[in-house]
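Inspection log for the structure reproduced underneath, given as structure tokens.
Every number here is computed from the coordinates shown, using simple stated rules; none is lab data. Keep in mind it's a predicted model, so treat the numbers as computed, not measured. A quick note on method: Cβ atoms are made from the backbone with ideal geometry, for glycine too, and the neighbour counts reach across all protein chains shown.
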Amino acid sequence: MKATLATVALFVLALSLTCEAVQVEENGLSFSLEAIKRLKELMESRTVAMTGQHSPRLKSSTMSMCMEPMLPQELLTLCKQRGASASFLRLAAVPLDVCEICAFAACTGC
């Protein structure tokens, strides 16, 4: 009984670690799914603040995202690259529900 319980606990731990390992690739760089979720939230909240409404097209200034103190540290590497605006827009457009099951080409690590 203890061996079965230990095996189940180990399986659950391995599964939870695997779920956190989903990575989204953009322009040769890899970012955690959690960082992309946070980016999407930041861009949506900025869009609402600027326009007063949600927009399917995230129109907030992507270059000013680099100055955002709540931007995940791992995304700051994009700020140093040419085409950062386009990269932020592409990352914010990643379908997270599809990415969580790795059915999207940019998502890996499942």
I'd like the Karplus ³J(HN,Hα) series for region 73-81: coefficients 6.51, -1.76, 1.60, θ = phi - 60°, whole numbers in Hz, and an x wherever there's a Gly or Pro. 3, 5, 7, 5, 4, 5, 4, 8, 9
Return the sequence-ordered ³J(HN,Hα) values of region 35-40 in whole Hz as given by the Karplus equation 6.51 cos²θ - 1.76 cosθ + 1.60 applied to θ = phi - 60°, using x for Gly and Pro. 5, 5, 4, 5, 4, 4
Hey, with R₀ at 41 Å, roughly what FRET efficiency would E68 and A21 work out to, going by the Cβ-Cβ distance, to 0.05? 0.95
First select every other residue whose beta carbon is under 15 angstrom from the beta carbon of L75; then total the charges, Lys and Arg +1, Asp and Glu -1. 0
